[in-house]
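Below: one structure, written as structure tokens.
Readers should treat all values here as calculations from the given coordinates under stated rules, not as data from a laboratory. Worth saying up front: this structure is predicted, and the values here are computed from it rather than measured. Every residue, glycine as well, gets a Cβ built from its backbone with ideal geometry; the counts of neighbours run over all protein chains shown.
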Amino acid sequence: MKRCRVAIFILVAILTIMVKVDSSEALENNDANGKKFVMLIVNNVNFADLYNMKYTRKLIEDSYISLMNSRSATGYNATSAYATLGWGTRAVASEESSTFAHTNNKNASIYYRRTGNKLIGSEIINININKLISQNHKGSFGATPGLLGEILTTNGYKTAVIGNSDTDEKESRNAGLITMNKKGMINYGDVSNFLTKADNNSPFGIKTNYKLMLQQLKNNYELADFIVIEMGDISRLNKYSVNLSSKIYASQKTQVLVEIDLFINYVVDLISDDSALMIVTPFPSNLDLQSGNRLTPIVLYIHGMEAGILTSDTTRQKGIVANIDIAPTILSFFGLPHEKMIGNPLIKLTKHENIYYIKDLNNRVVNTSRQRFGVLYSFALYQIVASILAFLCIIYKNRFKGIYKTYVSYMLLGNIFAIIGLLLLPLLGKIDLTSTYVLLVSFIFVSSIIFHNLFRKEPIKAIMYSSSILVLVLAVDIVLGQYLITNSILGYDSIIGARYYGIGNEFAGILIGGTIIVATSFLEIRKRESAFNLRIEARTTLIVNLMFALVIILLGFPAFGANVGATITSFSAFLYVIFKLNKVGMSVKAILLIFLLTISGIAIFLCIDYLVLDRKSHLAASFEQILLNGPQVAYQIVQRKIAANLRIVRITVWSRVMILALLILGVLLYRPIGVAKTLLNKYPHMAIGWSGILVSCVIGFMFNDSGIIIAATSVIFLSTSMLYLIINDKEKAN
């Protein structure tokens, strides 16, 4: 045990020294006097739209660009997406709570009556600021309305907003959410209908007056430091699209983009060389939403910069950032702190032909996202069918013999090889849905036949070696940067944005369950194949302990898996297995010791993350938010995870997989009589492993925001190995 602790300490020390992240290319400006940050809102477009615009295309080729996740605290909501851009945290907003208007006697009276604040030095106000505050107070992310504007104005910088997306029936001035301070005030600008004009050929009969917009920009450019300009025509067209044929919509969109392109060209000529220009699309178009193309474009231009792509510590993915990263980037440009925000400043990466890289990345991400539901549903259905058929073979052993049991054995091994296939598919690049199914089925079929026949006389080896391949590939991929996990259909989805890096709960459950099966089946084989003296037993135990320690590091180390819930799960399950293998009973004292060791392990990872590494993971970021904003942040995190777990349990097919597996295994404890007892007696080490997987299911469900997933993917190895061994042992006996 002492050797094991020393080995773990050395591994952690080596990893800490090896991991060095250079974030010096973040957009920072410690001397921002006289410099401006201009944000152009071109809503409801994609990169193809921008690249087809004459002047904007040249701008893209000289800029840093990226795809942006546009989710907010309320999922996909356009108004909340604007708020999230300005507050650095997933936010909640509605059209009713975003009523921006110019200061006059009437509005000042209403505002004072509602807030008790007098308007001083504010051109534009949000009359319903209290409603906005209330919405976010009830939200689960704890967003602070107006945080960007508040930090800027507190430090002497001025903000301005120009333009609107008003229709003939409703005012729409969401851009004010980005620039306002905590009181809903904006220093300068114009959001009135003065900036629009009547046009019978335009959506709602309204069109942006770009000449007046440009004049307003010139008027406010010297006054304000941070200026947001809303290009309203494209938003109006998106809202009006339900009334248009596809041909008319395309024609009007082309015309609108031509006018926006000219305006962008004027803005580029106007801004000073040392200022920043950012083109942002807060929310996708209706067509892009329907097609699954939900990542929106970001263009960052500063005169003299090389072309490239953007990333951030939030995503750690080249070419993908989150909308919560925009506000910290603006603050960083002005040399101001952003610690109160969850997002991180954008980081510039030089990349020639950046647009082709981004287009290819977007195609791959969208392609994987579109296939995810169908393929994973098919995989879950495959597991259910394989488990039911195996159960029937065991219950009705006299009816299902010979070839039937062989086919079922192939299917059971296929559960493991399906995961290997899903993990390796990204190596082939972008492939269509049909090719995915053909390749996956072929791989499962061939691999299962080979392994089953190769280890027909020793079924435990078929389980151990197939699981070992999976665990090894996962481990190598985690160390090398998680390319396979990130791009796998069984991995996480950058469009959903629940996780961007590390290991997701699907593969975390697989790694935990697979590791337990590899370790305990290895112990069984070693015991059978050698004179298991004390020296060999000690060496084998050390190997198993090191295996568990390495997997914990892979799951929990901030630069690797960075999955806190999975780390807690693995600590608990692995320690349980180690204790049981050493014949330590699960007394209150033992359970308390497991708890303390788990907490200590998480604390070590937190210290490394928070105090040593430059690039903070979810764990350190959450800890920092708790320190800055108080214990309510911890409550919000717990509340969010519980709500997510309850929602996912109701909607995911993984809950059906989990319930069926446990139900089948429960029945096998009683029918046929003695089958479970015989199996447990024959494989005592694996029996401990199986109980360890059950522990991982319980702990995983409790400590993860999608705990049912980590539990269901862990239990795959429990049900598959038990059913496979029962069937093949019975077949041998017959």
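In region 241-314, a dipole from Cβ-located charges (positive for Lys and Arg, negative for Asp and Glu) runs towards its positive end, and of Ala307, Ser291, Ile260 it is Ser291 whose Cα lies farthest in that direction.
Close amide H partners of Leu346, meaning residues 5 or more places away or on another chain with modelled amide H under 5 Å apart, are Leu27, Thr329. Legend: distances between Cα atoms for Lys118/Lys239; Lys54/Lys359; Lys197/Lys239; pairs beyond 27 Å are Lys118/Lys239. Dipole of region 37-352 computed with +1 at Lys/Arg Cβ and -1 at Asp/Glu Cβ about the Cα centre; of Leu214, Phe141, Leu195, farthest Cα towards the positive end is Phe141.
Each peptide among 679-689, 698-708 gets the average number of other Cβ atoms lying within 10 Å of its residues, and from highest to lowest they stand as 698-708, 679-689. Among the chymotrypsin sites (Phe, Trp or Tyr not before Pro) found in region 237-319, not one is both in a DSSP coil and sparsely packed, with 14 or fewer other Cβ atoms within 10 Å of its Cβ. The magnitude of the dipole of region 37-352, with charges of +1 and -1 set on the Cβ of Lys/Arg and Asp/Glu and taken from the Cα centre, is near 740 debye.
Over region 373-733, what is the mean sequence separation of C-alpha contacts under 8 Å (at least six apart), divided by residue count, expressed as relative contact order in percent?
Normalised by residue count, the contact order of region 373-733 is 25 percent.
Placing +1 on the Cβ of every Lys and Arg and -1 on the Cβ of every Asp and Glu, with nothing else charged, gives the chain a dipole about its Cα centre of roughly 3320 debye. Coupling constants for region 567-579 follow from the phi torsions by the Karplus curve (6.51 cos²θ - 1.76 cosθ + 1.60, θ = phi - 60°), and in residue order they are 5, 4, 4, 5, 3, 5, 5, 5, 5, 4, 4, 4, 4 Hz; glycine and proline get x. Under the criterion of Cα pairs below 8 Å and six or more residues apart, the relative contact order for region 166-308 equals 17 percent.
Normalised by the number of residues in region 279-339, the average gap of Cα pairs under 8 Å and 6 or more apart makes the relative contact order 20 percent.
Rounded to the nearest 500, the helix-only mean residue ellipticity at 222 nm of the chain stands at -19500 deg cm²/dmol, with each DSSP H run of n ≥ 4 adding -39,500 (n - 2.57). Given the options Phe333, Phe605, Asn545, identify the residue whose Cα lies farthest towards the positive end of the charge dipole of the chain (+1 on Cβ of Lys, Arg; -1 on Cβ of Asp, Glu). Going by the Cα projections, it comes out as Asn545.
If you restrict to DSSP beta bridges whose two residues both lie in the chain, what percentage is antiparallel, to the nearest 5? Around 55 percent antiparallel, to the nearest 5.
About its Cα centre, the dipole of region 192-335 is roughly 700 debye, where the only charges are +1 on Lys and Arg Cβ and -1 on Asp and Glu Cβ. Just how far, in whole angstrom, is region 79-117 from region 559-577 if you go by their alpha carbon centroids? After rounding, the separation between the Cα centres reads 44 Å. Across region 42-56, coupling constants 3J(HN,Hα) worked out from phi with the 6.51/-1.76/1.60 Karplus curve, θ = phi - 60°, read 10, 7, 6, 10, 10, 5, 4, 4, 5, 6, 7, 8, 3, 7, 5 Hz, and Gly and Pro carry x.
Each peptide in 560-572, 474-486, 588-600 receives the mean, over its residues, of other Cβ atoms within 10 Å, and ordering these scores from highest gives 560-572, 474-486, 588-600.
Using θ = phi - 60° in the Karplus curve 6.51 cos²θ - 1.76 cosθ + 1.60, the 3J(HN,Hα) couplings for region 132-148 round to 5, 4, 5, 4, 7, 5, 7, x, 9, 10, x, 5, 9, x, x, 5, 4 Hz; x is entered for Gly and Pro.
Per residue, the convex hull spanned by the alpha carbons of region 37-352 comes to 126 Å³. Taking a ≥ b ≥ c as the square roots of the Cα gyration tensor eigenvalues, region 533-664 comes out oblate, since a/c reaches at least 1.5 and a/b does not exceed b/c.
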